[in-house]
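Notes follow the structure.
The values are calculated or read from the model by the stated rules, or taken from the named source; none is laboratory data. It should be emphasised that the depicted structure is a prediction, and the values quoted were computed from it without experimental measurement. Because the Cβ atoms are built from the backbone with ideal geometry, glycine has one as well, and the counts that use them run over all protein chains shown.
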Amino acid sequence: MIKQEDPRFRHLKKKITVFTAVAVAVIVGVVVLIGKENDLFTQKYELMFTVDKGTGFNRGMPVKLSGFRIGRIKSISLNETAKVDIVLQIDTEYRKWIRKDSTAKLVKEGLVGDSVIEVSVGNPQLPELKDRERLAYAKTKALDELADELAEKVKPVLMDVKDIIGYMNDPNGDIKTSLRNFATLSGNLELTRQRADHLLDKTTDSVGTISTHAVKAVDQTSSKLSSVLDDTSVTVKRANASLQKVDEKLPVMLGNMESSLKNVEAISKDLRHTEEQVLPKVPAMVRKSDEALDGANTVIKAVKGTWPISGKIPEPNEKQFVEGDSHE
């Protein structure tokens, strides 16, 4: 007899085994993750502190040290004095930073973040807090208290603002009066602007007239200047022609002057030579002339003493010759 088997049920046992193993592994992983998230697998110890009100605290709230999570709130309970006892569950590995002077306070992470318990780092010289010991709590102000303080601080400012608004809205106040004066001044400025525009128009017309006369005067002056320049040009041309003639005759005149200078120089040399020859002989000639004159006088006197002649020669009134120095 042939046994028939549905192919869908082949290896069914193996499939069930594999599925079961995977499901168990997933369950174990989820348990491990949950336990790690809730610190179920780490060694812990407990610390306590007391607050007046339990507002803002809840079970499972994170406990942080320097912004790092080190534990959670384990329980919140009301004691016999109507105060709230809060028990913290802290990881043992962070025990070394929590000392006798460490404090706990309720803070918010950011402006709208969750509330956490912040534990401060203690002095390393002080002993560590042991299990179930009390931790000092630094009271922080709640939001309602902060709101009340802020309202008290803002209230005087609001009153001042109210007074300022009332002062500004006063119809007889300085601001309203200043605004009315400003409106009046604006109207006067508009009138002044119109007058200034009218004056500018007149000034523009006057400037146009003056410009026309100035242009005419400049044209007349330009024509006169052109005629003067023409006359000057003619004079310059004549002067150039005269200079050309002087340039042409100047070499000839310079040549004649040079030859005349040479002749004068030659004559001067001849005069110096004649002077050198004649001057030594002049004294001897003078002495001879004097001797000749003396001899002539003697002869004349002898002749005059002769009888026939002496009666007919008149006596001279003054000397005919002037005695001179032999060196003259």
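Quick one: Lys141 ticks every box in (1) at pLDDT 80 or above; (2) under 30 Å from Ser102 (Cβ atoms) bar one, so which box is it?
All conditions pass for Lys141, except number (1).
Starting from residues that are of a type in the set (Gly, Ala, Ser) and not assigned by TED's automatic domain parsing to the domain that holds Glu133, keep the ones in segment 28-87 and report whichever is farthest from Asp131 (Cα to Cα). Before you say what the answer is, go through the steps one by one.
Step one: filter segment 28-87 for residues of a type in the set (Gly, Ala, Ser), giving 29, 35, 54, 56, 60, 66-67, 71, 75, 77, 82.
Those still in the list that are not assigned by TED's automatic domain parsing to the domain that holds Glu133 too: 29, 35.
On the way: Gly29: 31, Gly35: 22 Å.
Per the stated criteria, the residue is Gly29.
Going through segment 121-136 one residue at a time, which ones are of a type outside the set (D, E, K, R) and touching a residue at least 40 places away in the same chain (Cβ under 8 Å)?
Let us first name the residues in segment 121-136 that are of a type outside the set (D, E, K, R), namely 121-127, 129, 135-136.
Val121, Leu129, Leu135, Ala136 - these are the residues of segment 121-136 that are of a type outside the set (D, E, K, R) and touching a residue at least 40 places away in the same chain (Cβ under 8 Å).
If we only count strands (runs of 3 or more DSSP E) wholly inside segment 18-95, which ones have 1 or more residues that are over 60 Å from the mean Cα position of the chain (by Cα), surrounded by 11 or more Cβ atoms within 10 Å (Cβ to Cβ) and at negative phi?
Working: elements: 44-51, 62-65, 68-78, 84-91.
Correct list: 44-51, 68-78, 84-91.
State yes or no: is Asp170 farther than 30 Å from Thr92 by Cβ and surrounded by 10 or more Cβ atoms within 10 Å (Cβ to Cβ)?
Details: farther than 30 Å from Thr92 by Cβ: yes; surrounded by 10 or more Cβ atoms within 10 Å (Cβ to Cβ): yes.
Against the criterion (farther than 30 Å from Thr92 by Cβ and surrounded by 10 or more Cβ atoms within 10 Å (Cβ to Cβ)), Asp170 qualifies.
Somewhere in segment 32-44, is a residue among the small types (Gly, Ala, Ser) and under 18 Å from Lys139 (Cα atoms)? Steps first, please.
From segment 32-44, those among the small types (Gly, Ala, Ser) are 35; that's our starting set.
Those left that are additionally under 18 Å from Lys139 (Cα atoms): none.
Checked against the condition, which is being among the small types (Gly, Ala, Ser) and under 18 Å from Lys139 (Cα atoms), segment 32-44 yields no hits at all.
Those residues that are farther than 15 Å from Leu47 by Cα, in contact with a helix residue (DSSP H, G or I) (Cβ under 9 Å, 6 or more places away or on another chain) and of a type in the set (Asp, Glu), I need them from segment 112-132; list them, please.
Within segment 112-132, the first condition is being farther than 15 Å from Leu47 by Cα, and the residues that meet it are 112-116, 123-126.
With the extra rule that they be in contact with a helix residue (DSSP H, G or I) (Cβ under 9 Å, 6 or more places away or on another chain), the set shrinks to 124.
Scanning segment 112-132 gives no hits.
Which of (1) exposed (fewer than 15 other Cβ atoms within 10 Å of the Cβ); (2) assigned to a loop (DSSP other than H, G, I, E, B); (3) at pLDDT 90 or above is the odd one out, the single condition Leu111 does not satisfy?
Just one mismatch for Leu111, condition (3).
Report every pair of residues separated by at least 6 positions or lying on different chains whose Cβ atoms are under 8 Å apart, first residue within segment 151-172 and in contact (Cβ under 8 Å) with a residue 12 or more places away in the chain, second surrounded by 10 or more Cβ atoms within 10 Å (Cβ to Cβ) and assigned to a helix (DSSP H, G or I).
Partner pairs satisfying both residue conditions: none exist.
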